[in-house]
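Peer 1: My structure is below; once you've seen it, I'll send some questions.
The values are calculated or read from the model by the stated rules, or taken from the named source; none is laboratory data. Everything numeric here is computed off the predicted structure, so don't read it as measured data. Counting neighbours? That spans all protein chains shown, and the Cβs are built from the backbone with ideal geometry, glycine included. Each accessible area value is taken on the protein alone, full model and side chains, heavy atoms only, with ligands, DNA and RNA left out. Shrake-Rupley method; radii C 1.70, N 1.55, O 1.52, S 1.80 Å.
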Amino acid sequence: MSKIELDDQILDHPKFVRAVKLGGSDIVFLWLGLRSYCSKLLTDGFIPDDMLDEVRGPREPRKRATALVALKEVKLVEDCDGGVRLHDYLDWASSREDVLRWRARARERQAKTRGMSQRDNQCDTTSDNYRDNGGSHEP
C-alpha cells in the first residue's frame with residue numbers, strides 16, 4: 001500500500017488558488033490523481049504521456065484538458081520528455097529509493113518477528129496438544 005504525503009494547507013497555496021481560478025475544482029481532482037499515480041508506482045513525480053488520460057481526475061476530455069493546462073500554467077505540473085512531471089515532487093514526497101529501502105526494512109522486521117513467533121510456537125507444546133474437545137485431553 002502506498003500513501004500520499006500532503007501539507008494540510010496545500011489548497012491555500014497561491015499556485016492552487018490560481019489554478020482553481022483558471023480551471024475550476026477539477027484541477028484538484030486531477031492533481032490528486034497525478035500525485036496518487038506517482039506515489040503508487042514510485043515514479044518520483046513523472047507521469048508518461050500515455051497515462052495522462054488514465055489517472056484519476058475529470059472523465060470528460062475537455063474538463064481534463066482544461067485542468068491540465070491550468071496545472072501547467074501555474075507550474076504545478078511541468079512538461080518533460082515523454083510526459084509531465086509534478087513540480088518539486090521530491091521536496092514533498094518520498095523518493096522511489098527511500099520507499100523501497102523502507103519496504104525492505106519492514107520485510108526484514110516482519111521476517112524476524114515471524115521467525116521469533118514460529119520458534120515460540122514450537123516451544124509451546126501445550127497449545128496444540130490440549131484442544132477443547134469436550135473436556136478430553138486427546139489431540
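Peer 1: Tell me which strands (runs of 3 or more DSSP E) are completely within region 44-122 and hold 1 or more residues being within 16 Å of the chain's Cα centre (by Cα) and under 16 Å from Trp31 (Cα atoms), or say none if there are none.
Peer 2: 46-48, 83-86
Peer 1: Just checking, which of Leu90, Leu100, Leu52 is touching a helix residue (DSSP H, G or I) at 6+ places or on another chain (Cβ under 8 Å) and either touching a residue at least 40 places away in the same chain (Cβ under 8 Å) or within 26 Å of Lys15 (Cβ to Cβ) (or both)?
Peer 2: Step by step, each of Leu90, Leu100, Leu52 is checked, and only Leu52 is touching a helix residue (DSSP H, G or I) at 6+ places or on another chain (Cβ under 8 Å) and either touching a residue at least 40 places away in the same chain (Cβ under 8 Å) or within 26 Å of Lys15 (Cβ to Cβ) (or both).
Peer 1: Still on this structure: Condition test on Leu34, is it of a type in the set (A, V, I, L, M, F, W, C) and either in contact (Cβ under 8 Å) with a residue 24 or more places away in the chain or open to solvent by less than 40 Å² (accessible area, probe 1.4 Å) (or both)?
Peer 2: yes
Peer 1: Let me confirm something: among Asp79, Asp44, which residue is of a type in the set (D, E, K, R), closer than 29 Å to Ala106 by Cβ, at pLDDT 95 or above and out of contact with any Pro (no Cβ under 9 Å at 6 or more places or on another chain)?
Peer 2: After applying the criteria, what remains is Asp44.
Peer 1: Looking only at region 92-101, which residues are modelled with pLDDT of 90 or more and open to solvent by 100 Å² or more (accessible area, probe 1.4 Å)?
Peer 2: Across region 92-101, the qualifying residues are Arg96, Glu97.
Peer 1: Residue by residue through region 1-16, note down the ones that are in a helix (DSSP H, G or I) and surrounded by 12 or more Cβ atoms within 10 Å (Cβ to Cβ).
Peer 2: Ile10, Leu11, Lys15, Phe16
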